[in-house]
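For reference, the structure discussed in these notes is given below.
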Amino acid sequence: MALEGLKNRILSSVGLLSGKREADEEAIRELTKSLRRALLEADFNVRQAKELTERIERRLLEEQPRPGVRLDTHAMNLIYTELVRLLGPAREIRPHNETVLMVGLYGQGKTTTTAKIAEWWRRHHGVKVAVIEADVHRPGAYEQLCQLLEDSPVEVYGEPDETDAVKIVRNGIAAVGTADVVIIDTAGRDSLDEGLREELSRIAKVANATERFLVIDAQVGQAAGPVAQTFHDLVGVTGTIVTKLDGTARGGGALSAVATTGAPIVFVGDGERVQDLEKFESDRFISRLLGMGDIKGLIDLAPEDLDQEEAIRLTQRLMSGRFTLTDMYTQMEMMSKIGTVDKILSHLPDGMFGMGSMSSAQKTQMQSSLAKFRVIMDSMTQQEKDEPLLLKSQRIRRIARGSGTNEKDVKALLNQWNRSKKMMRGMKGDRKMRRQMQSMLDVDDLDLDMG
Ligand SMILES: Nc1nc2c(ncn2[C@@H]2O[C@H](COP(=O)(O)OP(=O)(O)O)[C@@H](O)[C@H]2O)c(=O)[nH]1
Ligand SMILES: [Mg+2]
């Protein structure tokens with residue numbers, strides 16, 4: 001993922017607060033100053049960087065972290081919410097009865113993205129899609145589009161020898177009549193000159209498009225805002241598409257474009273191939289950008305009384321391979337505080353804890369076992385919870401009686417503990433998982449001594 005630079009700069013800005021118990025004004029000023037520099041370096045425009053950091057500064061000064069939440073985590077959460085707010089909520093587009101006009105400067109990826117979106121909607125929504133090539137300025141535009149879609153049933157309309165783009169659009173719309181969705185690719189230049197403006201607004205009138213997507217290369221810097229404004233004035237941009245996020249781009253420019261038009265990012269392009277398209281979701285995008293995984297969503301689900309430091313400590317312990325019944329108990333207690341297993345699973349990175357592919361019946365079953373296990377553990381001594389290996393038949397009988405369950409239930413709990421413990425050991429050996437956990441917890445290295 002691109003935007004690594006911004007991420008590192010934000011992390012180091014927030015790092016200025018680490019270890020601090022209280023937010024003193026000076027530290028907060030330092031943080032926001034460093035944050036503003038980071039945003040500017042990522043090509044945010046000056047005004048946006050200023051507004052964003054001022055909001056963050058104000059909130060840092062006014063809002064106390066919840067009890068148990070570290071100051072730097074609190075700051076990170078504020079930055080996260082403000083960035084997500086800047087990008088706006090994800091836009092859900094149902095590709096039905098739509099005419100989409102693709103606009104943008106030359107070389108931004110309009111033609112490529114036209115093909116990508118056509119294929120995306122065809123594959124994911126099963127609708128009939130047609131594309132119209134209305135770029136009469138770039139030689140070979142029609143062939144380019146045909147080539148991109150050569151393995152696809154998407155219909156490509158074009159008149160390679162026609163010089164009047166408006167005419168092509170008019171003919172094209174008539175020709176592809178039965179398609180659910182029509183996407184129109186247009187011309188772009190290095191900058192928008194008078195002739196091109198005129199052509200584009202005439203096309204827009206004839207097309208009467210339901211969506212106007214601005215295609216913008218992630219590498220475009222400070223200029224992105226004004227460019228976006230020009231297209232917005234011309235056609236009324238309804239969605240933004242950021243391309244070339246697979247490159248080394250910093251991407252802040254694209255974020256500026258969004259802030260200028262208010263048109264949310266709908267898709268991002270991350271490669272030259274037709275399938276290199278991703279649906280955009282601002283919260284996931286920003287948490288990935290900040291290296292938070294989806295743990296942010298998880299923490300947000302937590303009620304006030306969930307101790308975040310405790311959660312992090314526990315996760316670190318789990319990763320260490322030392323795993324007592326008490327740990328499992330705390331884990332369960334937290335899970336039950338946070339909410340249903342379903343909710344938790346949907347916020348964990350795929351495959352974490354090997355739960356990604358649980359059926360809903362399995363999930364329901366897990367929830368009822370959790371309740372029972374809790375009752376059983378309430379009948380154990382602290383020592384037994386710390387050293388579950390002590391639990392032989394006599395103790396098992398006592399615990400069963402004390403908790404109003406039977407021995408089978410107690411043994412099931414011990415089996416669960418054994419399985420979880422094995423899973424934790426497995427995770428410890430999984431380098432990819434370790435890296436993921438490390439970045440979620442924002443720690444340099446986990447103590448992986450098995451003890
Ligand atoms: N790496 C990468 N290249 C892209 C992406 N989108 C487009 N391109 C390339 O950028 C160049 C210009 O794209 P094109 O669709 O012709 O831009 P247009 O002039 O706006 O129509 C082409 O070489 C594309 O292959 C992307 O998401 N990632
Ligand atoms: Mg093109």
Exercise for the section: For Ser393 paired with Arg374, estimate the spin-label separation in nm (one decimal), with each label point 7 Å from Cα along the Cα-to-Cβ line. Expected result: 3.3
Completion exercise
Mean projected area, convex hull of alpha-carbon positions in region 57-114, reported to one decimal in nm², is 7.5
Handout entry: Estimated FRET transfer efficiency when R0 is 56 angstrom, pair Arg197-Asn418 (beta carbons, to 0.05)
Key = 0.20
Exercise for the section: Nearest 5 is fine: what % of DSSP beta bridges in region 98-289 come out antiparallel, could you say? Expected result: 10
Practice task
Give the long-range amide H neighbours of Ile183: residues separated by 5 or more places, or on another chain, with amide H under 5 Å away, using H modelled in the peptide plane at 1.01 Å from N.
Solution key: Val100, Ala130, Val131, Ile132
Exercise for the section: Quick one: give the max-minus-min coordinate of the C-alpha atoms of region 98-289 along each principal axis, largest first, in Å. Expected result: 44, 38, 27
Handout entry: Per-residue HN-Hα couplings for region 153-168 [Karplus 6.51, -1.76, 1.60; θ = phi - 60°; Hz; x = Gly/Pro]
Key = x, 4, 7, 10, 9, x, 9, x, 9, 7, 9, 9, 5, 4, 5, 4
Fill in the blank from the handout: Sorted by chain and number, the residues with a modelled amide H under 5 Å from that of Val136, at a separation of 5 or more or across chains, are Ala187
Completion exercise
Descending packing, highest mean Cβ count within 10 Å first, for 46-56, 123-133 is 123-133, 46-56
Exercise for the section: Could you run the Karplus curve 6.51 cos²θ - 1.76 cosθ + 1.60 with θ = phi - 60° over region 142-148 and give me ³J(HN,Hα) per residue in whole Hz, x for Gly and Pro? Expected result: 5, 4, 4, 5, 4, 5, 4
Problem - Ranked packing of 190-199, 110-119, most packed first, by mean Cβ within 10 Å - result: 110-119, 190-199
Fill in the blank from the handout: In this structure, among Lys50/Lys244; Lys110/Lys279; Lys33/Lys244; Lys116/Lys205; Lys50/Lys110; Lys128/Lys167, pairs with alpha-carbon gaps over 21 Å are Lys50/Lys244; Lys33/Lys244; Lys116/Lys205; Lys50/Lys110; Lys128/Lys167
Practice task
List every residue whose amide H lies under 5 Å from the amide H of Thr243, counting only residues 5 or more places away in sequence or on a different chain, with H placed 1.01 Å from N in the peptide plane.
Solution key: Ile216, Asp217, Ala218, Gly269
Problem - Normalised per residue, the volume of the convex hull around the Cα set of region 4-87 (Å³) - result: 86
Exercise for the section: Calculate the dipole size of region 112-265 relative to its Cα centre from +1 charges on Lys and Arg beta carbons and -1 charges on Asp and Glu beta carbons; express the result in debye to the nearest 20. Expected result: 540
Practice task
Quickly rank 214-223, 62-71, 372-381, 386-395 as a protection proxy: mean count of other C-beta atoms within 10 Å, highest first.
Solution key: 214-223, 372-381, 62-71, 386-395
Problem - Gain upon complete extension [Ala223, Glu30; 0.36 nm per residue less C-alpha separation] - result: 66.7 nm
Problem - Over 18 Å (Cα to Cα) - which of Lys372/Lys392; Lys385/Lys421; Lys372/Lys411 fall in this group - result: Lys372/Lys392
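Read-outs throughout are calculated quantities, based only on the coordinates presented, and are distinct from any laboratory measurement. Just so you know, these numbers come straight off a predicted model, no measurement behind them. Glycine also receives a Cβ, built like all others from the backbone with ideal geometry; neighbour counts cover every protein chain displayed.
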